[in-house]
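S.K.: There's a structure below that I have some questions on.
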Amino acid sequence: MSLEHVLNYLKRKHLENPSFSYALEDEDNVGNVFWADPTCRLNYTHFGDTLVFDTTYLRNSQVPFAAFTGFNHHGHPLLFGCALILNQSQSSFAWLFHSWLQAMSSPPPPPSITLEPDPVIHLAASQVFPQARLRFSLPLIMEKLAHVFGSHPGFQSEFLSCVRETETVGEFEGAWDSVVRRYCLEEDHWLQSIYNVRQQWVPVFIKDTFFGELSSENSNSFFHGFVDGSTTMEMVMARYEEAVESWRVKELRADYESTNSTPVLKTASPMEKQAAGLYTRAAFLKFQEEFLEVSANPVSKMSDSTYRVGKFGQGHTVEFESLEEVKANCSCRMFEYSGIVCRHILAVFSARNVFTLPSRYLLRRWTKEAKSSGEFSNSGCQESSLTVCYDNLRQEATKYVEEGAKSIQVYKAAVVALDEAAKKVAAASSKTRGGATNGDSYQSDETQETANGMYHPLQCQGEKERTILELTAELERTGQRCEAYRANLLSILRDMEEHKFQLSLKVQNARLSLKE
């Protein structure tokens, strides 16, 4: 299997943009290959609170392809990096995880990781991410149970009900035992093996950890429909680019819908209105689904701070306090698992006259402002992470250009603002260079001799190296500016096309109304 096509692509991308990173496990006997573009790092900066190591394609395509993904504020899959797995040893997977973590620059490792139920991958992940909560992927477990589902009609639905709908460990154990006995599967080796590691994939055992899923159905792979059994090594990079562009467009559309359309409110509650104004559309719909169930979940007070929520004495326990700030914890752990507050806590809030969501229950990652500049801390833009700074500035500049191109009036205001910003940046740059010059004002005897006309090879060599570094840095900055300008122009063109499309729809609707 030739890798030449892929390697040439990666080398070309790195030359075009030094921020595009790739790594080879063994350059002589090419082992695993990893790559990530600047957007992957930016994605992880915003949404690195959970990671999915997607190895679906190792068995389902001609290409040993894998992807590091997460979820954005719309619940869409989000790309953090890609790999070709040519060596499936534990040490090679460990190398891959280390390479990915290094490529992500400064952010901390992910607190939770979803991966294939494979002991080799699990051991490598445990070695590189010792603090992370590891979870086995339910879709991949389902894939490995295909032989059981095919032989026993009805088992799949009962299996999913047992896994997803049980609320306590006791309920799960009882339901599992019942369904396994009903279908006489006590001797099935694979079924028994996944039961033995149930603490790492059954929700009731791991629901106290955030995994970023708005629903159990929200597990679409980033490359689903792009990489499949027909994909060859020569095709994989083209399919990679198609998937990246497709999800980029979907995210832009979702951003537009969340920002420019108001979801339908179904109550007069200020809490529902508050959530509609802050959450993205997808996150709000999930919140609204929980909120509308409040009336169907009666609240019974068990003690000063403990409530039972549910019908006929059944349901969940909610611990509530409001001494310094409003806090509530529910035994269902939905908030901890998904980041959206559950109907049980909302019912207690209603009973205790809490009319707006406390800030602790509004995860920024599910809001419209999830990717705003406020997400970055000062520590995220040091010399060791200049790429993050560049990615952040480019993203902000792109949004600024998009807004500034909407009308002549806004454009003129944007030009004035940019002129002022350019002056401030130039002044800051001059001050930085001035500080460096002042810091070098002391001259040694050797430097004085050079200044008096005497040749000093060390000083000359130092000046040459400094000049080379300055020219190299300027070349990289120029390349980055070109990349930013190109991205901005493409974004403006896409907006113009979208605006044209919307206008054509309005014209068409106007003509239809005239005919009527």
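S.K.: Within region 129-144, how many residues are of a type outside the set (Lys, Arg) and over 20 Å from the mean Cα position of the chain (by Cα)?
M.R.: Kept after step one, since they are of a type outside the set (Lys, Arg), are these residues of region 129-144: 129-132, 134, 136-143.
With the extra rule that they be over 20 Å from the mean Cα position of the chain (by Cα), the set shrinks to 130, 140-143.
Residues in region 129-144 being of a type outside the set (Lys, Arg) and over 20 Å from the mean Cα position of the chain (by Cα): 5 in total.
S.K.: Separate question: I'm trying to understand the selection: among the residues of region 180-205, which are in a helix (DSSP H, G or I) and aromatic (Phe, Trp, Tyr)?
M.R.: TRP190, TYR195, PHE205
S.K.: Taking the condition closer than 30 Å to ALA275 by Cβ and touching a residue at least 60 places away in the same chain (Cβ under 8 Å), does LEU252 pass?
M.R.: Yes; evaluated as a whole, the condition is true for this residue.
S.K.: Within the set of pairs 6 or more residues apart or between chains, which connect a residue that is in contact (Cβ under 8 Å) with a residue 60 or more places away in the chain inside region 221-243 to a residue that is among the acidic types (Asp, Glu) and part of a helix (DSSP H, G or I) with Cβ atoms less than 7 Å apart?
M.R.: From region 221-243, no pairs qualify.
S.K.: What about GLU173, is it acidic (Asp, Glu), out of contact with any Leu (no Cβ under 8 Å at 6 or more places or on another chain), at negative phi and without any contact (Cβ under 8 Å) to a residue 24 or more places away in the chain?
M.R.: The answer is yes for GLU173.
S.K.: Would you point out the residue of region 155-168, among those that are of a type outside the set (Gly, Ala, Ser) and over 18 Å from SER193 (Cα atoms), that is surrounded by the most Cβ atoms within 10 Å (Cβ to Cβ)?
M.R.: THR166
S.K.: Next question, about the same structure. Report, by residue number, each residue of region 96-139 that is touching a Pro at 6+ places or on another chain (Cβ under 8 Å) and among the basic types (Lys, Arg).
M.R.: ARG133
S.K.: Show the residue pairs meeting these rules: Cβ distance below 7 Å; 6+ apart or different chains; first residue within region 348-371 and small (Gly, Ala, Ser); second residue part of a helix (DSSP H, G or I) and surrounded by fewer than 19 Cβ atoms within 10 Å (Cβ to Cβ).
M.R.: ALA370/ARG364
S.K.: Looking at (1) of a type outside the set (Lys, Arg); (2) modelled with pLDDT under 75; (3) open to solvent by 30 Å² or more (accessible area, probe 1.4 Å), which is the one condition that is false for LEU363?
M.R.: If we test LEU363 against (1) of a type outside the set (Lys, Arg); (2) modelled with pLDDT under 75; (3) open to solvent by 30 Å² or more (accessible area, probe 1.4 Å), just (2) comes out false.
S.K.: Show me the helices (runs of 4 or more DSSP H) entirely contained within region 39-154 in which 2 or more residues are open to solvent by 40 Å² or more (accessible area, probe 1.4 Å) and aliphatic (A, V, I, L, M).
M.R.: In region 39-154, 119-128 are the helices (runs of 4 or more DSSP H) which contain 2 or more residues that are open to solvent by 40 Å² or more (accessible area, probe 1.4 Å) and aliphatic (A, V, I, L, M).
S.K.: Among (1) in a helix (DSSP H, G or I); (2) in contact with a helix residue (DSSP H, G or I) (Cβ under 9 Å, 6 or more places away or on another chain), there is one condition ASP177 misses while meeting the rest; what is its number?
M.R.: (2)
The values are calculated or read from the model by the stated rules, or taken from the named source; none is laboratory data. In this text, all values refer to a predicted model and were calculated from it rather than measured experimentally. No Cβ is skipped: glycine too gets one built from the backbone with ideal geometry, and neighbour counts run over all protein chains shown. Protein only, heavy atoms only, side chains kept; ligands, DNA and RNA dropped before computing areas. Shrake-Rupley method; radii C 1.70, N 1.55, O 1.52, S 1.80 Å.
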